[in-house]
Amino acid sequence: MYSEKVMDHFQNPRNVGEMENPSGVGTVGNAKCGDIMRMYLDIDDNGIIREAKFKTFGCGAAVATSSMATELVAGKTVQEALEVTNKAVMEALDGLPPVKVHCSLLAEQAIHAALWDYAQKNNITIEGLEPPVNDIEELEEEEIY
Amino acid sequence: MKQFIYLDNAATTRVRPEVVDAMLPYFTEIYGNASAVYDFGQKAKQALDESRDIIGGSLHTKGQNIYFTAGGSEADNWALKATAEAYRDKGRHIITTKIEHHAVLHTCEYLEKNGFEVTYLDVDAEGCVNPDDVEAAIRPDTILISVMFANNEIGTIEPIQQIGEIAHKYNVIFHTDAVQAYGQIPIDVEQMHIDLLSASGHKLNGPKGIGFLYIREGLKLRSLIHGGAQERKRRAGTENIPGIVGLAKAATIAMDTMEQRMEQETSLRDYLIDRIEQEIPFAKLNGHRTKRLPNNVNFCFRFIEGESMLIMLDMVGICGSSGSACTSGSLDPSHVLLAIGLPHEIAHGSLRLTLGEDTTKEQIDYVVDELSRIVAKLRSMSPLYEDYAKKHLS
């Protein structure tokens, strides 16, 4: 059901954990629908993401997309990190089963939420960044149906 | 060597070699059509009749009241749709529960779209239906009560005899979905006042694709499949003789070994429950502790999600199942876990392990050891556990 890459990232997730004093942190999803993702970003003075860490409550796809998302954003500028979309995460994982596409959406949202937190803390504007969606369910409905 | 421990016997079971041996001649040797006049066909007919009598005997009724179907879902559909159709002039009210299998629930929803009214009874926190609630829900226009014998997810055994007595008292037809119970625990359709009973072959080490509906003698019921005189014109289609013979063989063995299996499985089940409760924190047993199928164990592990657990168990050779949304393809977790009052976030972390007659204590020990490790690993990744630990464990 899952690709080898998804299984690899599920079995050996990269960058699991918390971060002391992160530059930005974002939590998305809700326990009711079975997925919660928390993303921590460490961003240097030049706006480059030094490190990303995550914690996830969710299925195999949720864990694998979190792991892949942290790998994809590391080393990028905050502007570049915005381009790490759910499609990019899915492609990097060699695809996901159709019923699991919504999990990849959560990864994109988690990155955006962490970036938003960073922007708020530093009083800056990141071009193209929308405020985080609190109710992920609403968004899923639109994307899926 | 990699382990292989199959603990999903509520999903399906291994066909016993004796069952396969009993079936094989009916594929290549005695393959005649049981409806044919010649002796060759009559040999198949004889096997059919004998099988029917065996199944009837296992339920304390006559063989002629057993109608073979392609499985449990068909039997459930037949029982509900045909009763509704046959008695729609008498009334249009049906009583069932919130924890039925989808073969019953979705059929009820279909009937609701076709002019019937359905009462879905609540269950208590252990999944038990209260017979008083059944009685209170009966109306003058109630034509059918359908309550499962034992629940497929949490293993709770329902008070079928009491509900049967109530149905009998009010002259309402009583159906029970016994797919999980048949062959596992004793059933007596006479003593329990059961009018209709569904069962399936592959849950008791028999073949897939065969099941039956027991219909009380004299009960008026419409046919579900038209097109032939088979099954007393009530279920057309050339009989699946190999499947029927296999089901009868599986039932014979299940009845002969029931007492000993119940004892053995109950003891292993309780050992598994005890070890999990002692060794894994924040684990909650779902279902009734004693009024429970001998082979069923169902737990919720807080702060983690079921599908992740299943994948990690699979990696160490253990087959189980979960009621999490991610294993169902919908956003909602199991309707059974929600009906016993679990919040969504806890219901997502459920794990069902269903033992078989071959399950050993060594296997159970291995499963608990691996499960402890897996739950700890997933919790270490979970933001919910992190938050909880910060609040409560510091």
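Read-outs throughout are calculated quantities, based only on the coordinates presented, and are distinct from any laboratory measurement. Predicted, not measured: the structure shown is a model, and the values here were computed from it. Positions of Cβ are generated from backbone atoms using ideal geometry, with glycine treated the same way; all protein chains shown enter the neighbour counts.
A few comments on the model shown:
- Assuming charge only on the beta carbon of Lys and Arg (+1) and of Asp and Glu (-1), the dipole of the range B:158-224 about its Cα centre is about 280 debye to the nearest 20.
- Reported to the nearest whole Å, the Cα centre-to-centre distance from the range A:28-52 to the range B:43-100 is 55.
- Here the extension length gained between B:Asp369 and B:Tyr170 equals 66.5 nm, from 0.36 nm per residue of separation less the Cα-Cα distance.
- Taking other C-beta atoms within 10 angstrom as a stand-in for reagent exposure, A:Glu18, B:Glu307 fall in the order A:Glu18, B:Glu307, fewest first.
- Counting only other chain Cβ atoms within 10 Å of each residue's Cβ, the peptide B:374-385 averages 4.
- Under the membrane-span-like helix rule (DSSP H runs whose alpha carbons stretch at least 15 Å along the helix axis, mean Kyte-Doolittle hydropathy 1.0 or higher), chain A yields A:60-73.
- Residue by residue, the range B:78-93 carries 3J(HN,Hα) couplings of 4, 4, 6, 5, 6, 5, 4, 5, 6, 10, 5, 6, 7, x, 10, 10 Hz when phi is fed to the Karplus relation 6.51 cos²θ - 1.76 cosθ + 1.60 (θ = phi - 60°); x denotes Gly or Pro.
- GluC sites (Glu not before Pro) within the range B:338-370: DSSP coil, no more than 10 neighbouring Cβ in 10 Å: none
- Local electrostatic count, B:Phe27, Cβ distance below 14 Å [Lys/Arg +1, Asp/Glu -1]: -2
- Pairs from B:Lys90/B:Lys220; B:Lys45/B:Lys208; B:Lys208/B:Lys249 whose Cα-Cα separation, in the structure shown, is over 18 Å: B:Lys45/B:Lys208
- Each Lys and Arg Cβ is given +1 and each Asp and Glu Cβ -1; about its Cα centre, the range B:73-163 then shows a dipole of about 400 debye.
- Here the protein assembly as shown has an Rg and Dmax of 26.9, 92 Å, counting Cα atoms alone.
- Model label zone, B:Asp188; criterion: amide N under 17 Å from point 7 Å along Cα-to-beta-carbon; scope the range B:41-79: B:56-62
- Peptide A:26-39 has a mean of 5 when you count, residue by residue, the C-beta atoms of other protein chains within 10 Å of its C-beta.
- Annotation: the antiparallel percentage among DSSP beta bridges lying fully within the protein assembly as shown is about 65.
- Burial ordering of B:Lys233, A:Lys5, fewest other beta-carbon atoms within 10 Å first: B:Lys233, A:Lys5
- The range B:163-213 and the range B:241-271: distance between their alpha carbon centers, rounded to Å: 16
- Counting only DSSP H runs of at least 4 residues, each contributing -39500 (n - 2.57), and dividing by the residue count of chain A, the helix-based mean residue ellipticity at 222 nm comes to -13000 deg cm²/dmol.
- Contact order normalised by residue count of chain B, Cα under 8 Å, 6+ apart, percent: 21
- Angle between chain B longest axis and helix B:102-112 axis [Cα atoms, degrees, rounded to 10]: 70
- Ranking A:Gly24, B:His335, B:Phe40 by how far each Cα lies toward the positive end of the dipole of the protein assembly as shown (charges on Cβ) leaves B:Phe40 at the top.
- Rounded to 10°, Cα long-axis angle of helix B:361-381 versus longest principal axis of chain B: 50
- Using R0 = 41 Å, the C-beta based FRET efficiency linking B:Ser380 and B:Met262 works out to 0.60.
- CD proxy at 222 nm, helix term only [per DSSP H run n ≥ 4: -39500 (n - 2.57); per residue of chain B; nearest 500]: -13000 deg cm²/dmol
- Evaluated with a Cβ-only charge set (Lys, Arg +1; Asp, Glu -1), the protein assembly as shown carries a dipole of roughly 1420 debye about its Cα centre, given to the nearest 20.
- Unsatisfied cross-links (Cα-Cα over 24 Å) in the set A:Lys32/B:Lys2; B:Lys62/B:Lys113; A:Lys5/A:Lys100: A:Lys32/B:Lys2; B:Lys62/B:Lys113
- DSSP bridge orientation in chain B - percent antiparallel, rounded to nearest 5: 50
- Cα long-axis angle, helix B:160-169 against chain B (0 to 90 degrees, to the nearest 10): 50
- Counting only DSSP beta bridges with both residues in the range B:167-272, the antiparallel share comes to about 50 percent.
- In terms of other Cβ atoms within 10 Å, B:Tyr366, B:Tyr6, B:Tyr182, A:Tyr40 run from fewest to most in the order B:Tyr366, B:Tyr6, A:Tyr40, B:Tyr182.
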